Structures are given as C-alpha cells and as structure tokens.
Amino acid sequence: GPTQRHISSKCLPPNRQRASSKPDFSVINKGYIASLVHFLYFCEKRKLMKRIILLLIATVACFAANAQAHATYKEKVHDFGYIKEAKGQVSHTFELTNTGNKPLVILQVVTSCGCTRPSFPTKPIKPGKTAKIKITFNPAGRSGAFMKPIKVTTSGNEGKTTLTIRGTIIPKKK
C-alpha cells in the first residue's frame, strides 16, 4: 500500500496547526537567534552611544553655562513712598553688575505704560562692571497707589528680569 508520510504541525498553515499547551521552540532556527542577538547587541550599542552623546552634550552645556554673562541686580523693587503730583516726574536708577565672564548687553527695557520711561546703556558691560537703568515716572493726572513693572531683557543666562517701582501719588489741590 501507499506509504504514509508524517506531516509535522510546523509545516501546516497557522489555522490548521494543532493546539499545544507548550510552546514549540524547535521552529526557531539558528539564523533567527543570531539575528535577534545581533539586534539586541545593536540596541545596547545604541544605548551606549546615546549615553555618550548625552554626556558630551551635558559637558558642552556646562562649559557653555560657565562661559556666559549674568546680570545681578542690586535691587529689583524701589518704593518712592509718597510723591506729590504737583512736583512732577520722579526717577530711580537700578544698578546691575555683570557677574558672568563674558560681556553682557541690555537688549530691551519695556515699561507697562507711557507714564514710565526707561534709559539704559546699549554698549556691552564687561565682566565685573556695573551699569545703570534709569526709570522716570510721571505722576501727572494720576492719584493713589501705583505699581509699575519694568521688564529687562539681557544677553545673560538669566533672560528676562522684572524690576518694579511703586509708591503713592498725592494729587494736586484744585
């Protein structure tokens, strides 16, 4: 009679394979294992490369952070106390020192309204040197308490700093 051949379940299509409670690892060939090992090794190598790259970036960032300008303000808030509207404008000068090791530039000084006017140097401030930002406030037509923020942007690593002037205006007698 005809000889019967035994067909392994590994050769059958997935929908015709016999169910087994144990996984059949015999289907995994050596090439697959070698590819898997190579892939895992490559992933570990990539992780190592990522770590090396991150370490280099952190090192460069540390050196860059050490080689920057930095503005340190003597004060950030000035209180004029009581001022008389009739006496006109009042001014205060904020001092800042470049405590970094590169020149510092005051890029912008922005006030919150037209009643407050800034004056500041545009030339670079050398490390260890001091600069002054003069703020002039005009109380005309105003009365009562006021508080005006002044936003200072520098080339230093501190970025933007808010200075504040405040006080109370005594109105003119009518």
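The values are calculated or read from the model by the stated rules, or taken from the named source; none is laboratory data. Since we're looking at a predicted model, the values are computed, not measured. When we count neighbours, we look across all protein chains shown, and the Cβ atoms used for this are built from the backbone with ideal geometry, even at glycine. Surface areas here come from the heavy atoms of the whole protein model, side chains and all, with no ligands, DNA or RNA. Shrake-Rupley method; radii C 1.70, N 1.55, O 1.52, S 1.80 Å.
Assorted remarks:
- Evaluated against (1) open to solvent by less than 60 Å² (accessible area, probe 1.4 Å); (2) of a type in the set (A, V, I, L, M, F, W, C); (3) assigned to a strand (DSSP E or B), ALA140 falls short on exactly one condition, (3).
- Residues (within 17 Å of the chain's Cα centre (by Cα) and basic (Lys, Arg)) located in region 136-174: LYS160
- Restricting attention to region 69-109 and to residues that are assigned to a strand (DSSP E or B) and small (Gly, Ala, Ser), the residue that is least open to solvent (accessible area, probe 1.4 Å) turns out to be ALA71.
- Comparison of THR122, THR154, THR162, THR168 shows that the only residue that is exposed (fewer than 13 other Cβ atoms within 10 Å of the Cβ), β-branched (Val, Ile, Thr) and in contact (Cβ under 8 Å) with a residue 60 or more places away in the chain is THR162.
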